[in-house]
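Below is one structure; the comments refer to it alone.
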Amino acid sequence: LWVTGTTPGRITPVPPGARAVPVHSAAWYEALARSRRIVTDEQLPAWFERRPGQTVVQTWHGTPLGRFGSGLADTLYADHQYLATLPQRSAQWSVLVSPSRFATPFLRRSLAYGGEVLEAGSPANDVLFPPVRDKAAEEVRRGLGIPEGHRVVLYAPTYRDHLAHPPTAAPAGSADRTAPGPYRWDPALDPHALARALGPGHTVLVRRHPRVTGSVPAGPGVLDVSHHAGAAELLVIADVLVTDYAGLMFDFALTGRPMLFHTYDLEHYRDTVRGFCLDFETRAPGPLLVTTDEVAQALRDTGAVAARHADAYESFRRDYCDLDDGGAAARVADRLLADTP
């Protein structure tokens, strides 16, 4: 069983030979109970207990930039009810897959995990390496209807803890009293202004974080890809990434392509909202920009921007992206097969 996300009723597209089941459906509960092997990149329900003979592999969802889990205990937006469940949740894992050596101690500490860690890289990032990359890029561009020859700019910000909606009632059958409410879309950057500034021959893709609600108005040169199943597939086709504090930056660094950071609320995010696992202002592999106009200007000359930040980019990849090489999924599969009787 591969478990990703916790949205009731959602079905993630799966390859031939696999069967998708909606989250919180009867088939989903049965699969959690009966599957010999479970692989997940999210938290399983607080009531879940691994049965004897069952292997649970936690692949998490990337290298962290912002503090998370127990690292948020001293912040204004900490969910202490959730934090109290971390030791019980992590005790159900057979192995935690770490995407980088940098991430390993943060994952252990912030998720209250003391078990086996497999430093394998991120299986989701295998698609960013050849020969899979080129075929995937062609299919994704065609599926999204991006004109041939268009330069693709991906705008993918993270959510803001202080923009959360009130908690919602937990799904039926859940032991959790509440479930985190979604976060409001904060249109601090204008993708339509970027598209106009760049002109013909460009497509601006907008990916809201999965926990963010809202919509992106349609317009020339702008495409909302928030419901596209795989974030890594969007990174494959992006010529430039515009983000803020999203962990996608670690994944995109594997491509070697330019990154721009829209950090209009840097001090608030750093000192009040969440904080960082590293000195982001010093280590960022690209410029920290405040306004839409600054981002648009940088997009007009990403070659010069990349040259100015080449050293920072290289050191970022060396220190935080050391395990991914296109073979992470195979290493996780080998670990799963090692538990075969």
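Quick notes on this one:
- Whichever residue in region 23-76 is of a type in the set (Phe, Trp, Tyr) and in contact (Cβ under 8 Å) with a residue 24 or more places away in the chain and, among such residues, is nearest to Leu337 (Cα to Cα): Trp60
- Arg184 meets all of the listed conditions (1) at pLDDT 95 or above; (2) open to solvent by 60 Å² or more (accessible area, probe 1.4 Å); (3) closer than 24 Å to Arg270 by Cβ; (4) not β-branched (Val, Ile, Thr) but one, namely (1).
Yes/no per residue for (1) among the acidic types (Asp, Glu); (2) open to solvent by 30 Å² or more (accessible area, probe 1.4 Å); (3) more than 25 Å from Ala103 (Cβ to Cβ):
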{"site": "Ala304", "(1), (2), (3)": "no, yes, yes"}
{"site": "Ala310", "(1), (2), (3)": "no, yes, no"}
{"site": "Ser315", "(1), (2), (3)": "no, no, no"}
{"site": "Leu323", "(1), (2), (3)": "no, no, no"}
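- The set of residues in region 99-132 being buried (at least 18 other Cβ atoms within 10 Å of the Cβ) and either assigned to a helix (DSSP H, G or I) or among the acidic types (Asp, Glu) (or both) consists of Ala103, Phe106, Leu107, Ser110, Pro123, Ala124, Asn125, Asp126, Val127, Leu128.
Residues checked against (1) surrounded by fewer than 21 Cβ atoms within 10 Å (Cβ to Cβ); (2) at pLDDT below 95; (3) in contact with a Lys or Arg (Cβ under 7 Å, 6 or more places away or on another chain):
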position: Ile146; (1), (2), (3): yes, no, no
position: Leu163; (1), (2), (3): yes, yes, yes
position: Ala169; (1), (2), (3): yes, yes, no
position: His192; (1), (2), (3): yes, no, no
position: Val206; (1), (2), (3): no, no, no
position: Pro217; (1), (2), (3): yes, yes, no
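- Any hit, region 283-291, residues being touching a residue at least 12 places away in the same chain (Cβ under 8 Å), part of a helix (DSSP H, G or I), of a type outside the set (Val, Ile, Thr) and more than 30 Å from Asp74 (Cβ to Cβ): no
- Scan of region 139-155 for residues that are under 23 Å from the mean Cα position of the chain (by Cα) and acidic (Asp, Glu), ordered by number: Glu139
- Tabulated pairs, region 324-341, first touching a residue at least 24 places away in the same chain (Cβ under 8 Å) and within 15 Å of Val127 (Cβ to Cβ), second aromatic (Phe, Trp, Tyr) and open to solvent by less than 70 Å² (accessible area, probe 1.4 Å), C-beta under 8 angstrom, 6+ apart or interchain: Asp324/Phe129; Asp325/Phe129; Gly326/Phe129
- Scanning region 219-248 for residues that are touching a residue at least 40 places away in the same chain (Cβ under 8 Å), open to solvent by less than 30 Å² (accessible area, probe 1.4 Å) and in a strand (DSSP E or B) gives Val240, Leu241, Val242, Thr243.
- Some residue of region 46-53 being open to solvent by less than 30 Å² (accessible area, probe 1.4 Å), within 16 Å of the chain's Cα centre (by Cα) and not polar (S, T, N, Q): no
- Scanning region 35-45 for residues that are in contact with a strand residue (DSSP E or B) (Cβ under 8 Å, 6 or more places away or on another chain) and either open to solvent by 50 Å² or more (accessible area, probe 1.4 Å) or hydroxyl-bearing (Ser, Thr, Tyr) (or both) turns up Arg36, Arg37, Thr40.
- Residues satisfying the stated conditions in region 63-83, i.e. open to solvent by 50 Å² or more (accessible area, probe 1.4 Å), in contact with a strand residue (DSSP E or B) (Cβ under 8 Å, 6 or more places away or on another chain) and not in a loop (DSSP other than H, G, I, E, B): Gln81
The values are calculated or read from the model by the stated rules, or taken from the named source; none is laboratory data. Note that the coordinates shown come from a computational prediction; the quantities given were computed from them, not determined experimentally. With ideal geometry, Cβ positions are generated from the backbone for all residues, glycine too; neighbour counts draw on all protein chains shown. Calculation scope for accessible area: heavy atoms of the full protein, side chains included, ligands and nucleic acids excluded. Shrake-Rupley method; radii C 1.70, N 1.55, O 1.52, S 1.80 Å.
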